[in-house]
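The values are calculated or read from the model by the stated rules, or taken from the named source; none is laboratory data. All of these numbers come straight from a predicted model, not from anything done at the bench. Cβ sites come from the backbone with ideal geometry, for glycine too, and all protein chains shown count toward neighbours. Just the protein is used for accessible areas: all its heavy atoms, side chains included, with ligands, DNA and RNA removed. Shrake-Rupley method; radii C 1.70, N 1.55, O 1.52, S 1.80 Å.
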Amino acid sequence: MTTRITFLASAALLMTSLSGPARAQGAPQTIALVKVDIATLATGYRTSKIVGSAVVNEANQTIGTVDDLIVTPGDHVPFAVLSVGGILGIDTKYVVVPASSLQVK
């Protein structure tokens, strides 16, 4: 009998808590329009096209691949994370270089 009363009390408490007013959560969001120069965008590169690309040296020997790109929040200088050495991900070393030091071909 006490189990049944406890169950009914729990069910009533649950129904009461679920029937309250719905409130939005999180901070209010704003949208701002920004004018974008199409000519500047046309000279850029998509991250999805860069990551995974082979990195070669001056002698056209493959030395690694682009593993990731990093953009700093303050000055937005991109860096490329290169994975070099190793076989099948074993003993791979990661080297961070400024993206400006790479030539995309």
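What the table below lists for this structure:
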quantity	calculated
Of all residues making up the stretch 65-85, the number that are in a strand (DSSP E or B) and touching a Phe, Trp or Tyr at 6+ places or on another chain (Cβ under 9 Å)	9
Answer residue from the stretch 48-66, given it is β-branched (Val, Ile, Thr) and over 17 Å from the mean Cα position of the chain (by Cα) and is least open to solvent (accessible area, probe 1.4 Å) among those	Val55
Residue that is least open to solvent (accessible area, probe 1.4 Å) [pool: residues in the stretch 85-99 that are over 19 Å from Asn57 (Cα atoms) and of a type outside the set (Val, Ile, Thr)]	Gly89
Criterion (in contact (Cβ under 8 Å) with a residue 40 or more places away in the chain and surrounded by 14 or more Cβ atoms within 10 Å (Cβ to Cβ)) met by exactly one of Leu69, Leu82, Leu102	Leu102
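For (1) of a type outside the set (A, V, I, L, M); (2) under 17 Å from Gln103 (Cβ atoms); (3) modelled with pLDDT under 85, each residue gets a yes or a no:
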position: Met1; (1), (2), (3): no, no, yes
position: Met15; (1), (2), (3): no, no, yes
position: Ala24; (1), (2), (3): no, no, yes
position: Ala27; (1), (2), (3): no, no, yes
position: Thr40; (1), (2), (3): yes, no, yes
position: Thr43; (1), (2), (3): yes, yes, yes
position: Glu58; (1), (2), (3): yes, yes, no
position: Asp75; (1), (2), (3): yes, no, yes
position: Phe79; (1), (2), (3): yes, yes, no
